[in-house]
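Step one of this worksheet: look at the structure below.
The values are calculated or read from the model by the stated rules, or taken from the named source; none is laboratory data. Quick caveat: nothing in here was measured; it's all calculated off a predicted structure. Don't worry about glycine lacking a Cβ; one is built from the backbone with ideal geometry, like all the others, and counts go over all protein chains shown. The area values use the complete protein model at the heavy-atom level, side chains included, leaving out ligands, DNA and RNA. Shrake-Rupley method; radii C 1.70, N 1.55, O 1.52, S 1.80 Å.
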Amino acid sequence: MLEAQHLAAQRGGVPLFKDIAFALNRGEALVVTGANGSGKTTLLRMVAGLTLPSAGTLGWSGASVAPFDATLRAMTLYIGHAVALKDELTAEENVVSLATLHGAAVDMASAGAALTHWALERQRRLPARVLSQGQRRRVGLARLRLVRRPLWVLDEPTTALDSAGIAILHGVLKSHLAQGGMAVIATHQELALPASAQRALSLQ
Amino acid sequence: MSPFDAVIPDTMPAGTWGGVAWSAARDLKLALRSKAELGVLLLFYVIVVTLFPLGVGPEPALLRALGPGVLWVAALLTSLLSLPRIFAADFGDGTLEQIALSPFPLPALISGKIGAHWASTGLPLAVASPILGLQFGLRGDELSVLALALLLGTPTLSLLGAVGAALTLGVRAGGGLLALLVLPLYVPILIFGAGAVEAVCVGLSAAPQLSLLGAGLLAAAVGAPMAAAAAVRIALD
């Protein structure tokens, strides 16, 4: 489904990586590991369509896709380092606002249900400003279940999450993959996903 | 069969107006929850305008001659001061990435943001201007033309300014650069805007200047969101 060939990137004139190739099928997750500064975020931004590769191509079901391509935008859900929450809005409003931006019809009730799944039932009416880092991360990840996209691109989703939060993330990921979804995940943590569903990519 | 098979074919369910409505509604909501910021901008406008009669003295003829220009220059400066609000916060917290990756067309989302910016800065300024115009001895007709010219001109300021704000995203000392980029573009609006009021002051019709302001607004409304969208994509790369 998702294929990359000869991907290369440079940041500020310094080459980060070159000749990266991978293929991802339905129900598989690509786990990207590597030291700090090895280009994990850059690779994920390429897959999401935010950054142009300096060489190589990205393809979706055989057709090559360009950054900000309409097909790519309709397929992927990207959640980066910054969780994109607005301090002035409540947790619930943040989820509704972001899910609507992705074209999903979401009301306060389903946003509340998604937040409850992430154990944030009591915090859902609080402004994001007063939430802790881990809680903000949970609010940011809550839209995964609401926006139906086949490809999730998650940049270090476990940052600031406690072990209970990581367990919820694993559950959400497993059910996504079991339904035929795909994910590209940059992480420093071992992910508790079935070995058959994982592809590993290590950046030097 | 995967449930995503049903998702994949309808690639672009979201339309242009949906995008305009989403970002306008969200930005207005955010603006209403940080009213203090808007109050500061309006007060800035009031204070800058008020400084002139205090500085140049109470000579009625002089004040009437200065009035339209001063009110418009203050409007340009207030607009300039408010421009970083359009994109900077969204750029900082990652929302701008989400906006650029949304299935809604990016120029539509940016149009909504510009609309909300105008409604929260340009509109209050145009509404307040007739009261401030009284300090300069402007009268009935002149005050209404002043408000009308500002109503037509300030959206253009927001539109052109948005392009500058997008171009200076993530640039160090972006504020000064923004002023250098945007103020020259504001010059025609200043000339026709102040010119409209001056025309009424000397008993002529303001129609030509107002028509030109309207034409400028239409041209900017078409072009500026596209240009700002391209600049946002460059800033995110």
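On inspection, A:ARG124 qualifies as more than 14 Å from chain B (Cβ to nearest Cβ), of a type in the set (Lys, Arg) and open to solvent by 20 Å² or more (accessible area, probe 1.4 Å). Filtering B:VAL7, B:VAL73 for residues that are at pLDDT below 95 and either surrounded by 15 or more Cβ atoms within 10 Å (Cβ to Cβ) or of a type in the set (Asp, Glu) (or both) leaves a single hit, B:VAL7.
Each row is one residue, and each column tells you yes or no for (1) at pLDDT 95 or above; (2) more than 9 Å from chain A (Cβ to nearest Cβ).
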residue	(1), (2)
B:MET12	no, no
B:TRP17	no, yes
B:ASP27	yes, yes
B:PRO58	no, yes
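The sole residue among A:ALA48, A:ALA23, A:ALA35, A:ALA74 that is at pLDDT 90 or above and either surrounded by 22 or more Cβ atoms within 10 Å (Cβ to Cβ) or at the interface with chain B (Cβ under 8 Å from one of its Cβ atoms) (or both) is A:ALA48.
When region A:153-163 is limited to residues that are open to solvent by 10 Å² or more (accessible area, probe 1.4 Å) and in contact with a helix residue (DSSP H, G or I) (Cβ under 7 Å, 6 or more places away or on another chain), the one that is nearest to A:GLY180 (Cα to Cα) turns out to be A:THR158.
Checking B:GLY170, B:GLY174, B:GLY164 one by one, the residue that is buried (at least 24 other Cβ atoms within 10 Å of the Cβ) and not basic (Lys, Arg) is B:GLY164 and no other.
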